[in-house]
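Here the structure is laid out as structure tokens; the discussion comes afterwards.
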Amino acid sequence: MEAGRRWYRLDVLGALGALLVLAIALVPGAQAQKGGFVNCGNKRFDIQIEDGQGGTRPYPVNAKAVQVKNLSCADGVKFIRDSYDAENAGKYGYPENYKCKAGNFTVPQGYLPQICTRGNKAIKWGAQGG
């Protein structure tokens, strides 16, 4: 009877060790998922443009397939909206000193893939055009 308990204890310890190894193996995968892009969907907002008569009028702008990395969707959309306003441009020509370039990802036809980065933060979207 005593030998049976001893084997049972060893089995329990082995199972706990296997669970610990599994948990350690899954942690890096969870961290990699956390650091990826988050989909924010399509966004539409109005910018002010000159109307040719000395005033301004709202002009609708669509941003398709907006995705952000290491910041909120609200901050990403605010950046896209601000990127149309030359007054908010930073030292690289975009708001908040982001660096922007043409992206290499899929966006709907008629839109241009754009990606802007600053440190570990990134915003990518399909800009009107093309």
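The values are calculated or read from the model by the stated rules, or taken from the named source; none is laboratory data. Note that the coordinates shown come from a computational prediction; the quantities given were computed from them, not determined experimentally. So basically every Cβ, Gly included, is an ideal-geometry build from the backbone, and we count neighbours across all protein chains shown.
Checking K69, K78, K101 one by one, the residue that is under 20 Å from F37 (Cα atoms) and modelled with pLDDT of 95 or more is K69 and no other.
From the list R81, R57, R44, which one is assigned to a strand (DSSP E or B), closer than 18 Å to A127 by Cα and either in contact with a helix residue (DSSP H, G or I) (Cβ under 6 Å, 6 or more places away or on another chain) or assigned by TED's automatic domain parsing to the domain that holds P113 (or both)?
R44
Of all residues in segment 93-108, those that are of a type in the set (A, V, I, L, M) have Cβ atoms under 7 Å from Cβ atoms of residues that are outside any loop (DSSP other than H, G, I, E, B), 6 or more apart or on another chain, in A102/L112; A102/P113; A102/Q114; V107/K64; V107/A65; V107/P113; V107/G126.
Scan segment 109-126 and give yes if some residue there is of a type in the set (K, R) and either buried (at least 18 other Cβ atoms within 10 Å of the Cβ) or outside any strand (DSSP E or B) (or both), otherwise no. For segment 109-126, residues of a type in the set (K, R) and either buried (at least 18 other Cβ atoms within 10 Å of the Cβ) or outside any strand (DSSP E or B) (or both): present.
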